[in-house]
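Working notes, structure below.
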Amino acid sequence: MERTIRRAKLALAGMLLLGFCGSATAQTYRGTVRGLVTDQSTAVLAGATVTLTNTQTGVATTKTSDSAGLYVFGFVDPGTYAVTVEATGFGKF
């Protein structure tokens with residue numbers, strides 16, 4: 001009986017340790033930039049071209065807003081960025 005309790009405690013301790021190790025490796029230094037493209041009346045703009053430019057390096061990445069007007073840039077390195085949006089019938093913002 002004592003052996004069974006001891007094994008159960010060791011197994012629980014092992015599972016907890018593995019759980020903490022898994023969450024520590026999931027951390028990253030990169031971020032995400034996400035947004036919603038709308039017009040002046042707050043109607044969503046699907047198919048808008050959204051450009052994210054690192055102002056220090058000049059590196060630009062382009063995405064297209066989805067049918068809900070949403071865009072997402074994943075794995076963005078730390079830095080200062082400019083976001084521009086272009087859509088048919090609208091000026092560059």
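The values are calculated or read from the model by the stated rules, or taken from the named source; none is laboratory data. Just so we're clear, the structure is a prediction, and the values are computed from it rather than from any experiment. So basically every Cβ, Gly included, is an ideal-geometry build from the backbone, and we count neighbours across all protein chains shown. Accessible surface areas use protein heavy atoms only, side chains included; no ligands, DNA or RNA. Shrake-Rupley method; radii C 1.70, N 1.55, O 1.52, S 1.80 Å.
Quick look at the numbers
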read-out	value
The range 68-91, residues that are in a loop (DSSP other than H, G, I, E, B) and over 17 Å from the mean Cα position of the chain (by Cα)	ALA68, ALA87, THR88, GLY89, PHE90, GLY91
Leading residue by the ranking (nearest to PRO78 (Cα to Cα)) among those in the range 24-46 that are open to solvent by less than 50 Å² (accessible area, probe 1.4 Å) and either hydroxyl-bearing (Ser, Thr, Tyr) or in a loop (DSSP other than H, G, I, E, B) (or both)	VAL37
Residue count, the range 7-47 (criterion: in contact with a Ser or Thr (Cβ under 6 Å, 6 or more places away or on another chain) and at pLDDT below 55)	0
Members of the range 47-67 found to be closer than 17 Å to GLY31 by Cα, part of a strand (DSSP E or B) and among the hydroxyl-bearing types (Ser, Thr, Tyr), listed by number	THR51, THR53, THR61, THR62
